[in-house]
Amino acid sequence: MLMPAIDLDASMSAGAVLQRLALNGYWLDAAQDAARARIAAVAARVGRPVEEVAARLARDADDCGAAIRRQWGTHVLWYARELREVLVACSHAPPALPLLDVLNLHEPDSQPPIDIGAGAVVMRNGVTLLNGEPVSVSLRVAADAFVLPARAPSPADMALRGADPLAPATAGAARPTPTPTPMPTPVAPPAGPIKAWPRIEAPDAKAAGEVFEVIVGFGAQAQAQVSGAAVDLPFSAEMQALDLQVELSAGPGVQAPEGWSRPLRVTAADVATAQVSFKLVGLEPENPAQPFLTTLEVRYVLGGTVCGTASRALAIMPAAHGDRLDPRPLGQPWQAMPAAATPVALVADARVPDLTLDIGKPDRNAASGQYVCRLISPHALATATGPFDMDLGQDAKTFARSVVEEVRQYGNSALLATALESLGRLVAERLPGEFFQALAELSGRLAPEPVSLLIVSAEPYVPWELAWMDAPLDAARPSYLGAQTLAGRWLRDSAAPPLAANAAARPAAHPIASLQVRNMATMAAWYSAASGLRKLPKAEAEVEALSGSYPGVTLKATAEGMRDLLNATLQGKSGPVAVEAVHLAGHGDFDPTRPDGSAMFLQDGAPLRSTLFRAAKYGGERQPLLFLNACMLGIGGELLGDMAGFPGNSLRGGFGGVLGALWEVDDDVAHDIAIEFWRRALPAATEASDASDASAAPAEGEPVGAILRDLRARYAGTAGTPVPTFLSYVYYGHPRLTLRRAP
């Protein structure tokens with residue numbers, strides 16, 4: 001049976017495993033230490049009885065499995081286990097005992113994977129992976145399918161367990177780095193784009209303490225070790241050179257004594273010779289049996305715009321081991337596991353954000369909370385820009401779920417403001433101090449204009465907009481990051497499906513900054529008594545008001561209406577209607593036990609899962625702005641290792657921006673927010689100065705990030721009572737996105 005999985009690492013102690021499971025609502029007994037600590041912390045924060053909190057947080061352990069990752073030398077092995085089995089074993093084990101020994105895991109129990117294409121593999125032991133990350137586990141299936149029968153360890157197992165995984169059974173030399181085919185020099189300067197591939201010259205493995213060189217540029221052919229799609233270098237008869245900034249980063253086990261950033265000038269006459277060099281050195285691994293497995297990540301920056309990424313795997317070996325990779329036959333070799341990359345589109349953003357916070361995950365270990373971030377700006381910063389190590393303390397899913405669910409479940413508590421500030425401080429503590437220093441530096445330089453911020457993240461979960469600022473940029477506004485800046489989010493595309501010829505990437509490498517809107521699609525659910533859901537009169541009223549103010553089409557919240565919207569086959573009174581803005585209002589919910597648990601309810605009460613938005617027929621020249629005015633549809637998610645939830649699936653479906661709420665919203669307040677948002681984002685045409693001119697000039701709206709910044713500032717309320725609905729909206733898109741009514 002396929003079921004969602006909690007990500008664990010075999011090196012975690014039994015106590016750490018119980019703590020992570022408790023944070024996700026799983027325990028055998030609420031009186032156990034990990035469960036009691038979790039319950040008590042939430043009860044104190046929201047001011048509710050411990051018994052009530054325990055009942056509301058608890059989940060059924062039989063509805064989830066465990067995907068256990070184990071590093072064995074330079075290989076990665078996976079194991080699937082019943083979550084209840086893990087709970088029982090860890091509850092009876094010494095707290096400091098590693099999970100590897102608690103469950104008595106053995107190398108042969110992790111069989112070679114079955115490749116099913118497009119980066120997806122099914123492990124014979126029940127773990128399903130996509131791009132090297134666990135996405136689900138299959139348990140309670142026939143032993144002759146993918147799960148091996150249980151057995152006692154054999155002498156060979158024990159010999160393997162006791163052997164040094166870095167001492168291979170057969171000696172092997174380090175693999176030489178293949179030399180890419182050089183790009184021929186054109187006879188004459190080309191008058192159009194040149195196709196090239198990201199180029200990263202680096203060793204597969206290097207001994208700790210040895211300085212080594214990494215060369216970054218472009219090549220005529222794809223390198224087998226490099227993840228990165230073909231790039232169209234946008235040369236023309238008028239433009240024969242590109243001035244880029246190359247930003248390199250890696251995991252905590254690698255240092256760059258001479259810095260991580262280099263300028264790169266690429267000329268059309270000789271693309272292949274344009275390259276930059278970095279000197280790196282690896283640190284000695286704490287555990288000699290576990291090299292640092294990391295990823296070299298390259299960001300190509302043009303005019304302050306992150307235009308895409310490329311990467312390749314790197315192993316830092318113990319100094320005594322040398323540069324030799326481990327050729328063991330079991331598990332997945334680190335160098336063979338796919339690394340994250342995004343399409344590279346070398347186009348500078350005309351409205352580039354003042355600051356981009358780019359969050360990556362070089363260790364590619366979903367069970368860890370280790371990330372690396374860097375700061376990118378079109379302005380010269382005195383503040384250091386990184387890369388900086390980030391530690392969420394837990395894996396991203398656990399961290400974010402604990403944040404969002406507390407707000408969701410205890411939104412009516414009198415201590416909500418205290419709980420939100422506490423959570424905001426928790427989020428802020430995960431960010432480097434240089435991030436807030438850079439914001440302050442830019443604020444002082446750009447005042448009175450606010451700072452625009454784009455958060456590009458490899459994880460879809462953490463609500464960074466809630467980060468608390470002890471030194472707010474504007475003391476008159478709430479101290480949350482989203483109320484202080486023009487903030488937008490974007491997702492790093494770590495699991496992009498292959499593109500067909502001439503197909504546009506969905507989502508694009510970076511968000512659109514302007515949008516012409518001719519028509520809007522509006523939809524509200526008029527819930528009947530038979531639906532089992534209460535009516536939302538204010539949601540009905542907001543859609544009636546919007547449909548009367550903007551041309552387009554009003555849809556019924558039915559399966560047929562949603563089909564026509566997602567298929568872009570809408571019909572108006574005069575024929576087909578193409579829309580560039582979409583507003584949906586209704587009931588929403590979030591089920592944390594599902595891998596992609598957000599749902600919107602149609603007017604007959606049927607749940608509409610976010611996965612349907614993944615198949616929407618948008619993207620390229622038409623990327624509508626989508627406003628989901630319903631509870632909890634702004635929660636990010638992950639499905640099959642890829643961006644999911646309504647934000648992720650909608651971006652994958654080609655929408656150019658998505659707004660949604662992280663928790664329950666008040667119907668009256670949500671109505672007012674929707675009306676004001678669209679009035680300011682998409683204003684009516686201005687009056688023509690000449691009365692004889694029958695046409696009116698289309699008006700440009702305010703930046704979406706500026707509108708949301710103002711709305712979030714109303715969270716404090718007028719009578720000293722916070723209104724959490726104002727703070728609940730999260731926005732995926734360009735912070736300076738402006739809409740204009742098409743003439």
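The values are calculated or read from the model by the stated rules, or taken from the named source; none is laboratory data. Everything numeric in this text was worked out from a predicted model, so none of it was measured. Cβ placement follows ideal geometry from the backbone for every residue including glycine, while neighbour counts extend to all protein chains displayed.
What are the residues in the range 31-65 that are modelled with pLDDT of 90 or more and within 30 Å of residue 290 (Cα to Cα), if any?
If the condition is that a residue be modelled with pLDDT of 90 or more and within 30 Å of residue 290 (Cα to Cα), then 34 is the only one that fits.
Suppose we filter the range 502-553 for residues that are on the phi > 0 side of the Ramachandran plot and part of a strand (DSSP E or B); how many remain?
Going through the range 502-553 one residue at a time, the tally reaches 1.
Scan the range 58-66 and tell me whether some residue there is of a type in the set (Asp, Glu) and touching a residue at least 60 places away in the same chain (Cβ under 8 Å). Reasoning before the result, please.
Of all residues in the range 58-66, those of a type in the set (Asp, Glu) come to 60, 62-63.
Among the residues that remain, those that are also touching a residue at least 60 places away in the same chain (Cβ under 8 Å) are: 60, 63.
Yes - at least one qualifying residue is present in the range 58-66.
Of the conditions (1) surrounded by fewer than 24 Cβ atoms within 10 Å (Cβ to Cβ); (2) at pLDDT 80 or above; (3) within 19 Å of residue 561 (Cβ to Cβ), residue 599 fails just one. Which one is it?
That leaves (2) as the condition not met.
Name every residue in the range 329-368 that is farther than 25 Å from residue 316 by Cα and not in a loop (DSSP other than H, G, I, E, B), in order of residue number.
Those that are farther than 25 Å from residue 316 by Cα and not in a loop (DSSP other than H, G, I, E, B): 355, 356, 357.
Out of curiosity, is residue 10 in contact with a Lys or Arg (Cβ under 7 Å, 6 or more places away or on another chain) and farther than 21 Å from residue 426 by Cβ?
yes
Evaluate the following for residue 242: is it within 24 Å of the chain's Cα centre (by Cα) and either closer than 17 Å to residue 195 by Cα or among the aliphatic types (A, V, I, L, M) (or both)?
It is false that residue 242 is within 24 Å of the chain's Cα centre (by Cα) and either closer than 17 Å to residue 195 by Cα or among the aliphatic types (A, V, I, L, M) (or both).
Within the range 377-385, is even one residue without any contact (Cβ under 8 Å) to a residue 12 or more places away in the chain and surrounded by fewer than 19 Cβ atoms within 10 Å (Cβ to Cβ)?
Within the range 377-385, one or more residues are without any contact (Cβ under 8 Å) to a residue 12 or more places away in the chain and surrounded by fewer than 19 Cβ atoms within 10 Å (Cβ to Cβ).
Mind checking which pairs have a first residue in the range 428-456 that is under 16 Å from residue 386 (Cα atoms) and a second that is part of a helix (DSSP H, G or I), Cβ under 6 Å, 6 or more apart or different chains?
Matching pairs, first to second residue: 455/464.
Results for (1) under 29 Å from residue 235 (Cα atoms); (2) not small (Gly, Ala, Ser), shown as yes or no for each residue.
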{"residue": "313", "(1), (2)": "no, no"}
{"residue": "323", "(1), (2)": "no, yes"}
{"residue": "329", "(1), (2)": "no, yes"}
{"residue": "347", "(1), (2)": "yes, yes"}
{"residue": "352", "(1), (2)": "yes, yes"}
{"residue": "361", "(1), (2)": "no, yes"}
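Tell me which strands (runs of 3 or more DSSP E) are completely within the range 240-326 and hold 1 or more residues being acidic (Asp, Glu), in contact (Cβ under 8 Å) with a residue 40 or more places away in the chain and surrounded by fewer than 24 Cβ atoms within 10 Å (Cβ to Cβ), or say none if there are none.
In the range 240-326, 241-249 are the strands (runs of 3 or more DSSP E) which contain 1 or more residues that are acidic (Asp, Glu), in contact (Cβ under 8 Å) with a residue 40 or more places away in the chain and surrounded by fewer than 24 Cβ atoms within 10 Å (Cβ to Cβ).
Output the residues belonging to the range 703-726 that are in a loop (DSSP other than H, G, I, E, B) and either at pLDDT 90 or above or not aliphatic (A, V, I, L, M) (or both). Explain how you work it out, then say what you get.
At the first step, the residues of the range 703-726 found to be in a loop (DSSP other than H, G, I, E, B) are 703, 717-723.
The answer is 703, 717, 718, 720, 721, 722.
Given the residues 229, 220, which is the only one that is within 25 Å of the chain's Cα centre (by Cα) and touching a residue at least 24 places away in the same chain (Cβ under 8 Å)?
229
Do you know which residues across the range 549-580 are surrounded by 13 or more Cβ atoms within 10 Å (Cβ to Cβ) and of a type in the set (D, E, K, R)?
Passing the criteria: 556, 564, 580.
Does the range 311-329 contain any residue that is farther than 25 Å from residue 381 by Cβ and of a type in the set (Asp, Glu)?
yes
With respect to residue 36, determine if the residue is outside any strand (DSSP E or B) and either in contact (Cβ under 8 Å) with a residue 24 or more places away in the chain or at positive phi (or both). It would help to see each step written out before you state the result.
On the way: outside any strand (DSSP E or B): yes; either in contact (Cβ under 8 Å) with a residue 24 or more places away in the chain or at positive phi (or both): no.
No.
Mind checking which residues of the range 66-86 are farther than 29 Å from residue 292 by Cβ and either buried (at least 23 other Cβ atoms within 10 Å of the Cβ) or not assigned by TED's automatic domain parsing to the domain that holds residue 102 (or both)? Lay out the reasoning, then the answer.
Of the range 66-86, the ones farther than 29 Å from residue 292 by Cβ are 82-85.
The one that is farther than 29 Å from residue 292 by Cβ and either buried (at least 23 other Cβ atoms within 10 Å of the Cβ) or not assigned by TED's automatic domain parsing to the domain that holds residue 102 (or both): 83.
Those residues that are among the hydroxyl-bearing types (Ser, Thr, Tyr) and closer than 23 Å to residue 738 by Cβ, I need them from the range 445-491; list them, please.
Within the range 445-491, 452, 485 qualify.
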